[in-house]
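The values are calculated or read from the model by the stated rules, or taken from the named source; none is laboratory data. Because the structure is predicted, anything quoted here is derived from the model rather than measured. FYI the Cβ positions are ideal-geometry reconstructions off the backbone, even for glycines, and counts take in every protein chain you see.
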Amino acid sequence: MKETGLGEFEEVILLLVGILGEEAYSFRIAEEFETQTTRPVSIGAVHSTLSRLEDKGFLNSKMGKATAERGGRRKRIYTITAYGRQALIAARDFRVSLWSQYPPFANNFKFEI
């Protein structure tokens with residue numbers, strides 16, 4: 001099997017970071033995960049996955065500005081690195097390759113960017 005370096009949950013979290021842009025902080029990512037998948041997720045699972053993705057070089061993070069609504073605390077904002085984008089492309093291409101080999105879809109499965 002072709003290695004993409006991403007598990008399914010990691011892939012979804014990485015995609016959500018890209019979708020959320022400047023709003024890509026752990027609590028918001030967890031909220032969006034639940035909205036998009038209709039599955040519950042613990043904030044701990046999101047935190048550990050973000051940390052793992054950062055350790056792998058797929059994400060960078062920086063501290064955002066302090067806000068009154070958070071009692072003066074700052075949010076850690078995540079962004080996808082070039083290496084993270086490459087990993088997402090590899091994961092997408094691998095899945096598209098598998099789908100296009102599945103006989104019921106082989107002749108009519110197209111993916112356009």
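Scan the range 45-53 and tell me whether some residue there is surrounded by fewer than 16 Cβ atoms within 10 Å (Cβ to Cβ) and of a type in the set (D, E, K, R). So far as the range 45-53 goes, yes, one or more of its residues are surrounded by fewer than 16 Cβ atoms within 10 Å (Cβ to Cβ) and of a type in the set (D, E, K, R). Exactly one residue out of SER61, SER26 is free of Cβ contacts under 8 Å to residues at least 24 places away in the same chain and of a type in the set (S, T, N, Q): that is SER61.
Among residues that are among the aromatic types (Phe, Trp, Tyr) and part of a strand (DSSP E or B), TYR83 is not included. Residues of the range 1-44 that are in contact with a strand residue (DSSP E or B) (Cβ under 9 Å, 6 or more places away or on another chain) and of a type in the set (Ser, Thr, Tyr): TYR25, SER26. Could you list all residues from the range 87-113 that are of a type in the set (Asp, Glu), modelled with pLDDT under 90 and either under 21 Å from VAL17 (Cβ atoms) or surrounded by 12 or more Cβ atoms within 10 Å (Cβ to Cβ) (or both)? None; the set is empty.
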